[in-house]
Amino acid sequence: MAEEEGRGDQFTEDGTVDLRGNPVLRSKRGGWTACSFIVVYEVFERMAYYGISSNLVVYLTKKLHQGTVSSSNNVTNWTGTIWITPILGAYIADAYLGRYWTFVGASAIYLSGMCLLTLTVSLPALRPPPCHQVDTHLCKKASPLQLGVFYSALYILAIGTGGTKPNISTIGADQFDIFDPKEKTHKLSFFNWWFFSIFFGTLFANTFLVYIQDNVGWTLGYGIPTMGLAISVLIFLAGTTFYRHRLPTGSPFTRMAKVIMAAFRNWRIPIPSDPKQLYELDLQEYASKGKYRIDSTNTLRFLNKASVRTASNSPWKLCSVTQVEETKQMLCMIPILISTFVPSIMVAQINTLFIKQGTTLDRKIGNFSIPPASLTAFVTISMLVSVVIYDRFFVKLMRRWTKNPRGITLLQRMGIGMSIHVFIMLIASITERRRLRVAKQHGLVASGGTVPLSIFTLLPQFILMGTADAFLEVAKIEFFYDQAPESMKSLGTSYSMTSLGIGNFLSSFLLSTVSKITKGDGHEGWIRNDLNASHLDYYYAFFSVLNILNFIFFVVVTKYYVYRADTSETINGSVVREDNLSTFAVSRQEEPVA
């Protein structure tokens, strides 16, 4: 018996399996060995993605002859789609195919989009003739066919990333069993080092690739990231035998809809004072499937009506307590999600207006001309440095004071990032005011010529954006993954990506709206094709105020947020995880298989 228990302890206890659905030995699969393939994949994939997105606004302006507002909005609309489609990818993974097969299928779509995009920038027939006018209105526009092929390639790519983005980081996190103390410790650092690794690909794209695109050619500049993506997919597939997997558990949206519908259909029925009278499945039924049972809480208490026993056993009128609590966890995160929309608008400025500013400044160092998009490399470098300092020094220092394994809570880390965004936009506004003053002094307002200021004048806003991301973006993806129910991890991860998607769409909306509103009373508006005649300083100041208001909203919603379970301990032969929100229990009597 003791020997059998010893062998049983070698299996993972979090319900992960191999591709055939069999329990997996902790020593044979998962851990950092499996994650190494995922980390290397992400280096190459980020090189591919940022090789396209970082310099896209320049291609739209110089090659397709689009204006400031239209090119910026086309970039943010596409980027918004990139970050919205993960909701669909997460749904398919959680409900039908599982994370691995969803990822593999989406990778094929992603790669086909990259190949078509490379083809569109390579054939002269798929773009208008060259034009060197400052005012793009004087240039011949791209034809509907040319735009159709180009945007078809971009949005095929976006569909592919919808299946890869929410699942790759989740697959990585799944390689660590939270019920093993050593692996749980490793998991706490996974997201930091996962971000750290992908920044190398981003840095390569924002330096080498944008230089190739600006100075050698777009065919090679897009061909290299396409090859990089193909290599990244092969690397991921090479690690297949080492991965731990989670089987799909059904549509999370359907389960949540059943709870909400049942609660409203039972709205007249009182909730019993004793939670044990609510409907719940037997513990063994959860244990046999490797799932978690969650105790009832008073959070969003109205939804507890969905578990009140009635004459009907319809799943649309009666749901288990665990199903209700899972729905509560996803709903409770929505106010936090909303608070991240404004910072995501700020992130959208990096690859649009920030780069457009760079095109107006002196980019020469001797005979070398700095590509404006290469400034985004300083976001990456700053983030790399900040993540290392945070993980190696800040966390250790704060851990002694707070006794929190993370040093500070995830929401506190996000709050620091949000506060930095306020200062970023203030600095950007001051810098832009200086650029406009120099342009006016040299008579460049009407001509749209190069302003005699070094492009490195913009460095502070890029560097601080990287520092803010080290706090906000890393904490955001870890928060939504960590706080999501075990059966909805992909959907939880997609929350962080949805934030960026909506932020980009809001950026397009604000840019168009502000441009139209400020054109009244004979004025030409804050944002024009000629940035020397624009008022981006006003626009950035407006963003500072928006960030302050959003930070106040964030403080309010976090005050009422209750974290889900974060600790594990063994009680009477069962693994129990509990805090002031919920209790999870998985019996050790049967081996988890799902």
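The values are calculated or read from the model by the stated rules, or taken from the named source; none is laboratory data. Remember, it's a predicted structure, so these values are computed and weren't measured experimentally. Using ideal geometry, Cβ is built from the backbone for each residue, glycine included, and neighbour counts are taken over all protein chains shown. Surface areas here come from the heavy atoms of the whole protein model, side chains and all, with no ligands, DNA or RNA. Shrake-Rupley method; radii C 1.70, N 1.55, O 1.52, S 1.80 Å.
If we keep just the residues of region 485-515 that are at pLDDT below 90 and aliphatic (A, V, I, L, M), which is nearest to the chain's Cα centre (by Cα)? Checked region 485-515; the qualifying residue nearest to the chain's Cα centre (by Cα) is MET497.
Looking across region 496-516, the residues that are open to solvent by 30 Å² or more (accessible area, probe 1.4 Å) and closer than 10 Å to SER344 by Cβ come down to ILE502, PHE505, LEU506.
The number of residues in region 290-299 that are assigned to a loop (DSSP other than H, G, I, E, B), more than 30 Å from LEU500 (Cβ to Cβ) and open to solvent by 10 Å² or more (accessible area, probe 1.4 Å) comes to 5.
Sub-7 Å Cβ pairs linking a first residue in region 536-555 that is acidic (Asp, Glu) to a second residue that is assigned to a helix (DSSP H, G or I), at least 6 apart or interchain, are ASP537/SER429; ASP537/GLU432; ASP537/ARG433; ASP537/LEU436, ordered by first then second residue.
For region 437-457, a tally of residues being hydrophobic (A, V, I, L, M, F, W, C), in a helix (DSSP H, G or I) and either at pLDDT 95 or above or surrounded by fewer than 21 Cβ atoms within 10 Å (Cβ to Cβ) (or both) returns 2. VAL210 falls short of the stated requirement of being among the aliphatic types (A, V, I, L, M), out of contact with any strand residue (DSSP E or B) (no Cβ under 9 Å at 6 or more places or on another chain) and within 21 Å of ALA90 (Cα to Cα).
Using the structure shown, decide if THR164 is of a type in the set (Val, Ile, Thr) and at pLDDT 90 or above. Give the steps one after another, and end with the answer.
Numbers: of a type in the set (Val, Ile, Thr): yes; at pLDDT 90 or above: yes.
Yes; evaluated as a whole, the condition is true for this residue.
Quick one: is VAL58 over 30 Å from ALA142 (Cα atoms) and either touching a helix residue (DSSP H, G or I) at 6+ places or on another chain (Cβ under 7 Å) or charged (D, E, K, R) (or both)?
Working: over 30 Å from ALA142 (Cα atoms): no; either touching a helix residue (DSSP H, G or I) at 6+ places or on another chain (Cβ under 7 Å) or charged (D, E, K, R) (or both): yes.
Against the criterion (over 30 Å from ALA142 (Cα atoms) and either touching a helix residue (DSSP H, G or I) at 6+ places or on another chain (Cβ under 7 Å) or charged (D, E, K, R) (or both)), VAL58 does not qualify.
Report yes if some residue within region 160-180 is open to solvent by 10 Å² or more (accessible area, probe 1.4 Å), in contact (Cβ under 8 Å) with a residue 60 or more places away in the chain, touching a strand residue (DSSP E or B) at 6+ places or on another chain (Cβ under 9 Å) and outside any helix (DSSP H, G or I); otherwise report no. Yes, region 160-180 has at least one match. Within region 208-230, identify whether any single residue is surrounded by fewer than 16 Cβ atoms within 10 Å (Cβ to Cβ), assigned to a loop (DSSP other than H, G, I, E, B) and not aromatic (Phe, Trp, Tyr), and answer yes or no. Yes.
Going by the conditions given, is PHE423 open to solvent by 10 Å² or more (accessible area, probe 1.4 Å), assigned to a helix (DSSP H, G or I), in contact (Cβ under 8 Å) with a residue 40 or more places away in the chain and out of contact with any strand residue (DSSP E or B) (no Cβ under 9 Å at 6 or more places or on another chain)? So that I can check it myself, show each step before the final result.
Numbers: open to solvent by 10 Å² or more (accessible area, probe 1.4 Å): yes; assigned to a helix (DSSP H, G or I): yes; in contact (Cβ under 8 Å) with a residue 40 or more places away in the chain: yes; out of contact with any strand residue (DSSP E or B) (no Cβ under 9 Å at 6 or more places or on another chain): yes.
It is true that PHE423 is open to solvent by 10 Å² or more (accessible area, probe 1.4 Å), assigned to a helix (DSSP H, G or I), in contact (Cβ under 8 Å) with a residue 40 or more places away in the chain and out of contact with any strand residue (DSSP E or B) (no Cβ under 9 Å at 6 or more places or on another chain).
Of the residues making up region 252-282, those that are in contact with a helix residue (DSSP H, G or I) (Cβ under 8 Å, 6 or more places away or on another chain) and assigned to a loop (DSSP other than H, G, I, E, B) are ASN266, TRP267, ILE269, ILE271, LEU278, TYR279, GLU280, LEU281. Going through (1) under 26 Å from ARG20 (Cα atoms); (2) open to solvent by less than 70 Å² (accessible area, probe 1.4 Å) one by one, TRP101 falls short only on (2). When region 59-89 is filtered for residues that are in contact with a Pro (Cβ under 7 Å, 6 or more places away or on another chain) and in a helix (DSSP H, G or I), the ones remaining, listed by number, are PRO86, GLY89.
Out of all the residues in region 396-420, which are within 20 Å of the chain's Cα centre (by Cα), of a type outside the set (Val, Ile, Thr) and open to solvent by 30 Å² or more (accessible area, probe 1.4 Å)?
GLN412, SER419
Can you find even one residue in region 519-531 that is touching a helix residue (DSSP H, G or I) at 6+ places or on another chain (Cβ under 8 Å), part of a helix (DSSP H, G or I) and open to solvent by less than 10 Å² (accessible area, probe 1.4 Å)? Within region 519-531, one or more residues are touching a helix residue (DSSP H, G or I) at 6+ places or on another chain (Cβ under 8 Å), part of a helix (DSSP H, G or I) and open to solvent by less than 10 Å² (accessible area, probe 1.4 Å). Condition (residue is closer than 27 Å to THR558 by Cα and free of Cβ contacts under 8 Å to residues at least 24 places away in the same chain) applied to region 289-310: is it met by at least one residue? Yes, the conditions are met somewhere in region 289-310. Of the set (1) at pLDDT 90 or above; (2) surrounded by fewer than 19 Cβ atoms within 10 Å (Cβ to Cβ); (3) out of contact with any helix residue (DSSP H, G or I) (no Cβ under 6 Å at 6 or more places or on another chain), all apply to ASP135 but (1). Among the residues making up region 238-255, those that are under 22 Å from ALA95 (Cβ atoms) and open to solvent by 60 Å² or more (accessible area, probe 1.4 Å) are LEU247, PHE253.
Can you tell me how many residues within region 57-78 are of a type in the set (Ser, Thr, Tyr) and open to solvent by 20 Å² or more (accessible area, probe 1.4 Å)?
Of region 57-78, the ones of a type in the set (Ser, Thr, Tyr) are 59, 61, 68, 70-72, 76.
The next check asks that each one be open to solvent by 20 Å² or more (accessible area, probe 1.4 Å); those that pass are 61, 70.
Total meeting the criteria: 2.
Considering the conditions (1) over 27 Å from ILE502 (Cβ atoms); (2) modelled with pLDDT of 90 or more; (3) not in a loop (DSSP other than H, G, I, E, B), GLU285 is excluded by exactly one of them, (2).
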